[in-house]
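Take a look at the structure set out below.
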Amino acid sequence: MQYQDLTVFQEHVDNLINTLKLSSGTVDMQPLFFRYTLDTTTALIFGQSVNSLVNEGQDSFSVDFSEAADITAYRGRLGDLYWAYTPARFSQACKSIKIYVDGYVQNALKSLDLSKESSEDSSDQFLFIKELQKELRDPILVRDQLVNCLLAGRDTTACLMSWTL
Amino acid sequence: MLTLESRLLVQHPDVLDKLRKEITKVLGEEKNVARAHIKAMPYLDCVLKEVLRLYPPVPANLRFATKTTTMPRGGGADGRSPVLIRKGWGITYAPYLMHRRKELYGDDASIFRPERWEDGKLRSIGWGWLPFNDGPRVCLGKDMALMEASIGIARIVQAFPGISRPPGIVLDEPGTEMQALTLVLAPADGCKVHLRQYI
């Protein structure tokens, strides 16, 4: 991925520090760490960050994502009976996430088509999605892989930072 | 209410002080953290290793056997005989528990002590430290996560010299606090710290 020189983190860690500077007294860092890792991970895998640290309160995507992840964890523990726990808000959250991520996949595929026509790769902004599409050749699978990477990239590091500080 | 409301660094001012000295020495006022900076902060690496030991973000995991096999120990009345694992069976394992075993980490295994990683004695710990798994399926984001957390923690410590434990909270031994487990392991009551003013 395109983070090797670490510049991709700079903007988002600046946003994190600026948000904290607006606070004083006792602050719960945990929700901010989840926004920080959501912002960096979406920047890396979508090619464009959801910037949830800046757009506080408008990030319905991160609310849906948390909801879907929590319910998925319960379903996982039910094993083969996972289908028995499917609240309406789960289906709704999953639907919204799919629509949202599909948007990025479509943008990347358009960019891929354009670069084929002009026989040069116009931009590497959507590099990760493009590489997934070359490998998988199925936009639905690409989307599902992106959602998987999003969970792997967001929750884990946010937990690590929450326990640390 | 006697809940633990802050986390390892603000609960261990000695560790935070030592880390702050390292960060000040390497970063100074620099806001643009590069890989070279992080490589020059070995104590930060020890701190993160120690947090990942006590609180691996994915505390338990599952693998399925691709063929019938045995595990060397754990069977029989005394647990010393092999155990049969049939093809398709799932095996759950818990790095959270393994990371707290005294046979591996000594009598102070449940204590937060980043120095245990400093003297090289744990160099041979191998898969006894397994927050990212290992082998062909090692976590793809291992380096990204370590860089991202290192940058985040270093910048916060740098920006807030007065960061401390919120007043009036009670210290608990790691592992006895409230935890929230979904797919990952999070503190149940957040990560509350007292920021004071920044410089």
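The values are calculated or read from the model by the stated rules, or taken from the named source; none is laboratory data. Predicted model only: the values in this text are computed from it and were never measured. Positions of Cβ are generated from backbone atoms using ideal geometry, with glycine treated the same way; all protein chains shown enter the neighbour counts.
Listed values, structure above:
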| read-out | value |
| --- | --- |
| Failed item in (1) surrounded by 22 or more Cβ atoms within 10 Å (Cβ to Cβ); (2) within 11 Å of chain B (Cβ to nearest Cβ); (3) among the polar types (S, T, N, Q); (4) free of Cβ contacts under 8 Å to residues at least 24 places away in the same chain, with residue A:40 passing the rest | (4) |
| Of residues in segment A:34-78 being at pLDDT 90 or above and among the basic types (Lys, Arg), the one nearest to residue A:144 (Cα to Cα) | A:75 |
| Single unsatisfied condition, residue A:26 versus (1) within 11 Å of chain B (Cβ to nearest Cβ); (2) out of contact with any Pro (no Cβ under 6 Å at 6 or more places or on another chain) | (2) |
| Inter-residue pairs, beta-carbon under 6 Å, first more than 7 Å from chain B (Cβ to nearest Cβ) and touching a residue at least 24 places away in the same chain (Cβ under 8 Å) and in segment A:139-160, second of a type in the set (S, T, N, Q) and assigned to a helix (DSSP H, G or I), 6+ apart | A:142/A:133; A:150/A:41; A:154/A:37; A:154/A:41; A:158/A:37 |
| Only listed residue being aliphatic (A, V, I, L, M), in a loop (DSSP other than H, G, I, E, B) and in contact (Cβ under 8 Å) with a residue 12 or more places away in the chain, chosen from B:183, B:140 | B:183 |
| Enumeration of residues in segment B:114-141 that are among the basic types (Lys, Arg) and modelled with pLDDT of 95 or more | B:116 |
| Wholly within segment B:5-79, helices (runs of 4 or more DSSP H) carrying at least 3 residues that are over 24 Å from residue B:195 (Cβ atoms) | B:35-39, B:42-54 |
| Residue in segment B:163-178 that is part of a loop (DSSP other than H, G, I, E, B) and at pLDDT 80 or above present | yes |
| Condition check for residue A:97: modelled with pLDDT of 90 or more, within 14 Å of chain B (Cβ to nearest Cβ), farther than 19 Å from residue B:150 by Cβ and out of contact with any Ser or Thr (no Cβ under 6 Å at 6 or more places or on another chain) | no |
| Segment B:117-133, residues that are closer than 21 Å to residue B:40 by Cβ and touching a residue at least 40 places away in the same chain (Cβ under 8 Å) | B:117, B:118 |
| Residue A:49 under 30 Å from residue B:193 (Cα atoms) and either without any contact (Cβ under 8 Å) to a residue 60 or more places away in the chain or among the aliphatic types (A, V, I, L, M) (or both) | yes |
| Residue under evaluation residue B:155, criteria (1) within 14 Å of chain A (Cβ to nearest Cβ); (2) within 19 Å of residue B:184 (Cα to Cα), criterion not met | (2) |
| Residue in segment B:47-66 that is within 11 Å of another protein chain (Cβ to nearest Cβ), over 16 Å from the mean Cα position of the chain (by Cα), exposed (fewer than 15 other Cβ atoms within 10 Å of the Cβ) and of a type outside the set (A, V, I, L, M) present | no |
| Criterion violated by residue A:81 - all others in (1) at pLDDT below 90; (2) in a helix (DSSP H, G or I); (3) over 21 Å from the mean Cα position of the chain (by Cα) satisfied | (1) |
| Residue B:108 in contact (Cβ under 8 Å) with a residue 60 or more places away in the chain and of a type in the set (Asp, Glu) | no |
| Identity of the residue in segment A:11-23, surrounded by fewer than 16 Cβ atoms within 10 Å (Cβ to Cβ) and within 7 Å of another protein chain (Cβ to nearest Cβ), that ends up modelled with the highest pLDDT | A:21 |
